[in-house]
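The next block holds one structure in the form of structure tokens; read it before the comments.
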Amino acid sequence: MDNTKREMVCIACPVGCHLTVSTAEDGSVVVEGNRCQRGVEYGREELLAPKRVVTATLAVSRGKSPRVPVKTDAPLLKAFIPGLLDQVYNMEIAAPVALGMVVLENIGGTGVRLVTTRSVLEVRAI
Ligand code: SF4
């Protein structure tokens, strides 16, 4: 099986070109089926270093909601995603939580941060 040849749909714009991405004998990446240069860049990155924006929810203590949605502020290398999700689902932050609060910095040394996408108010004891 040729692991260096992949079929994929370019998601860089709504056209959704069907790409065939492969590695030539000299090691260069060949992209076919693209209608523009962005497809070449997308196909190359998907073959060599695929990335995704990660969304999840994080436990909140003393909050009016028990969880807060979070996302990475940039696409993260797929290799780091399982470790990130494992960390996220084993941590908890205390309310109050502000929108856009940085929860994790420099994930895997990539410079990508994990931020909250909603605020959570604190439950106040009476
Ligand atoms: S190759 Fe270009 S035209 Fe085709 S989906 Fe990607 S960005 Fe859009």
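The values are calculated or read from the model by the stated rules, or taken from the named source; none is laboratory data. As the structure is a computational prediction, the values presented were derived from the model and not from experiment. Heads up, the Cβs are rebuilt from the backbone with ideal geometry, glycines too, and the neighbour counts pull from every protein chain shown.
Here are the numbers for the structure shown:
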read-out	value
Filter result for R35 (touching a Cys at 6+ places or on another chain (Cβ under 7 Å), under 30 Å from T4 (Cα atoms) and basic (K, R))	yes
Residue within segment 56-63 that is within 30 Å of K5 (Cα to Cα), surrounded by 18 or more Cβ atoms within 10 Å (Cβ to Cβ) and small (G, A, S) present	no
Search result, residues across segment 25-37 that are away from the ligand (no atom under 11 Å from the Cβ) and either part of a loop (DSSP other than H, G, I, E, B) or within 30 Å of E92 (Cβ to Cβ) (or both)	E25, D26, G27, S28
Members of segment 65-79 that are of a type in the set (S, T, N, Q) and under 8 Å from the mean Cα position of the chain (by Cα)	T72
Answer residue from segment 11-21, given it is surrounded by fewer than 16 Cβ atoms within 10 Å (Cβ to Cβ) and at pLDDT 95 or above and is farthest from the ligand (Cβ to nearest atom) among those	T20
Qualifying residue in segment 38-55 (condition: more than 7 Å from the ligand (Cβ to nearest atom), in a strand (DSSP E or B) and surrounded by 15 or more Cβ atoms within 10 Å (Cβ to Cβ))	yes
Residue among V30, V40, V54, V21 that alone is under 30 Å from M101 (Cα atoms) and in contact with a strand residue (DSSP E or B) (Cβ under 6 Å, 6 or more places away or on another chain)	V54
Subset tally (residues that are surrounded by 14 or more Cβ atoms within 10 Å (Cβ to Cβ), closer than 29 Å to S22 by Cα and among the small types (G, A, S)) for segment 81-103	0
The lone exception for M8 - which of (1) closer than 30 Å to Y89 by Cβ; (2) within 16 Å of the ligand (Cβ to nearest atom); (3) without any contact (Cβ under 8 Å) to a residue 12 or more places away in the chain; (4) of a type outside the set (F, W, Y) it fails	(3)
K78 being surrounded by 14 or more Cβ atoms within 10 Å (Cβ to Cβ), closer than 30 Å to H18 by Cβ and of a type in the set (K, R)	no
Selection status of L58, within 14 Å of the ligand (Cβ to nearest atom) and assigned to a strand (DSSP E or B)	no
Subset of segment 11-40 (residues that are charged (D, E, K, R), farther than 17 Å from K51 by Cα and in contact (Cβ under 8 Å) with a residue 12 or more places away in the chain)	E32, R35
